[in-house]
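Report on one structure; see the data block that follows.
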Amino acid sequence: MSEEVRNLMEPVEFRAEGKALFAYGYAARFNTTSQNLGGFVERIAPGTFAKTLQEADVRALFNHDPNLLLGRNKVGTLTLAEDSTGLAYEVELPDTSVGRDLAVLLERGDVSGSSFGFRTITDEWAETDSGFPERTLTSVALRDVGPVTFPAYVDADSAIRSLAESRSLDVNDLLAAAKADKLSEALRAEDEEGSETEQEEDQATPILIHRSGLIS
């Protein structure tokens, strides 16, 4: 499964402690339904990050750019934790041009969102009450967190591949439907086709009758 990116449309915050400058916020929130990600919505289950937080070497990046490094959890400049709300992070901004420039942007409110990059380990698919495809992330491998300029959900192709695999459907058909914003229609059509096929198979099953009764 390739890497995905999710951005949270809530402000990342900024504070100063002496000469130390910090950016902090939530990179993800649990049990909150996302906006339309291209034909489906998504939720994050509590515990999704539990395993990866024990194992992963996570970077704090600005706009997911590895050239704009802000911190790293393995050396203590990035702190990550799951709480009842979601995935919280705090990064001590470096005394570099990137860190100083970002501090100014955060203090002015120009940078307004947080994000996380990840690879899906396990997920589940269901439908909302209105019949819209809904994905629930249950375990991920975390790659990076940090502030972003444009808080918007992006890069959902891997999720569509997961959906295709979970329903044994053609991934290219689903990707095309998602890009045309017709994923729900495509899934309903597949369900109806599958139902019709089952009915045809039932009708085609021969029942042999003998005068003395049914022949098994």
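When you count the other C-beta atoms within 10 angstrom of each residue and take the mean per peptide, 104-112, 134-142 line up highest first as 134-142, 104-112. For Arg100 and Glu55, what does the FRET efficiency come to when R0 = 35 Å and r is the distance between their Cβ atoms, rounded to the nearest 0.05? Computed FRET efficiency for Arg100 and Glu55: 0.65.
Legend: calculated FRET efficiency, Ile121 to Ala189, from the Cβ-Cβ distance at R0 = 25 Å, rounded to 0.05, equals 0.25.
Length gained on full extension, Ser130 to Asp83, computed as 0.36 nm times the residue gap minus the Cα-Cα distance: 13.9 nm. Could I have the simple spin-label model distance between Glu17 and Asp170, label points 7 Å from Cα toward Cβ, reported in nm to one decimal? In this crude spin-label approximation the distance works out to 5.7 nm.
Peptides 74-83, 123-132 ranked from most to least packed, by the mean per-residue count of other Cβ atoms within 10 Å: 74-83, 123-132.
No value in this document is a laboratory result; all are computed from the given coordinates. These numbers were taken from a predicted model, which means no experiment stands behind them. Backbone-built Cβ (ideal geometry, glycine too); neighbour counts: all protein chains shown.
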